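Encoded as structure tokens, the structure appears first; notes follow it.
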Amino acid sequence: MTTAENGAEALAVVNGEELILLDMRMPVLDGWAFAKQLRASGKRVPIVVMTAAENARRWAEEIGADGYLAKPFEIDSLIAAVERFAKGPR
């Protein structure tokens, strides 16, 4: 597991991750800019948006995310999203 404190740091450390759990409101580089730059780099990593915004689905669709979790969410929902979107064995 890799963590980052802001979007720019996250973009710099993405390297073979199985899944990105993305907060849309990050400092330095927000979720929209992060996703745009990640996709432009050619890396195809599943992204699950985690947001407290009213319409989490719309925000996820705007950036081409694979899924979303609306905050607050139950731990079972997080586990289900990870199991659904994480890449299987390589």
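The values are calculated or read from the model by the stated rules, or taken from the named source; none is laboratory data. What you are looking at is a predicted structure, and each value in this text was computed from that prediction instead of being measured. Cβ sites come from the backbone with ideal geometry, for glycine too, and all protein chains shown count toward neighbours.
Restricting region 1-31 to residues that are within 12 Å of the chain's Cα centre (by Cα) and exposed (fewer than 14 other Cβ atoms within 10 Å of the Cβ) leaves a set whose member that is farthest from Met50 (Cα to Cα) is Glu18.
Would you point out the residue of region 66-90, among those that are among the β-branched types (Val, Ile, Thr) and out of contact with any Leu (no Cβ under 9 Å at 6 or more places or on another chain), that is surrounded by the most Cβ atoms within 10 Å (Cβ to Cβ)? Residue satisfying both the conditions and the ranking: Ile79.
Taking only region 7-35 into account, find how many residues are in contact with a helix residue (DSSP H, G or I) (Cβ under 9 Å, 6 or more places away or on another chain), of a type outside the set (A, V, I, L, M, F, W, C) and in a loop (DSSP other than H, G, I, E, B). Residues meeting the conditions: 4. Filtering region 24-56 to residues that are farther than 14 Å from Asn6 by Cα, among the hydrophobic types (A, V, I, L, M, F, W, C) and free of Cβ contacts under 8 Å to residues at least 24 places away in the same chain leaves Ala40, Ala52, Ala56.
Can you pull out the residues in region 36-50 that are outside any loop (DSSP other than H, G, I, E, B) and more than 10 Å from the chain's Cα centre (by Cα)?
Lys36, Gln37, Leu38, Arg39, Ala40
Checking each residue in region 3-23 for being free of Cβ contacts under 8 Å to residues at least 40 places away in the same chain, closer than 12 Å to Pro46 by Cα and not aliphatic (A, V, I, L, M) picks out Gly16, Glu17.
Scanning region 18-76 for residues that are closer than 20 Å to Ala8 by Cβ, of a type in the set (D, E, K, R) and in contact with a Lys or Arg (Cβ under 8 Å, 6 or more places away or on another chain) yields no hits at all. Can you find a residue that is assigned to a loop (DSSP other than H, G, I, E, B), of a type in the set (A, V, I, L, M, F, W, C) and modelled with pLDDT of 90 or more anywhere in region 76-83? No, region 76-83 has no match at all. Might you check whether a residue that is part of a helix (DSSP H, G or I), touching a Ser or Thr at 6+ places or on another chain (Cβ under 7 Å) and surrounded by 12 or more Cβ atoms within 10 Å (Cβ to Cβ) occurs anywhere in region 56-65? Yes.
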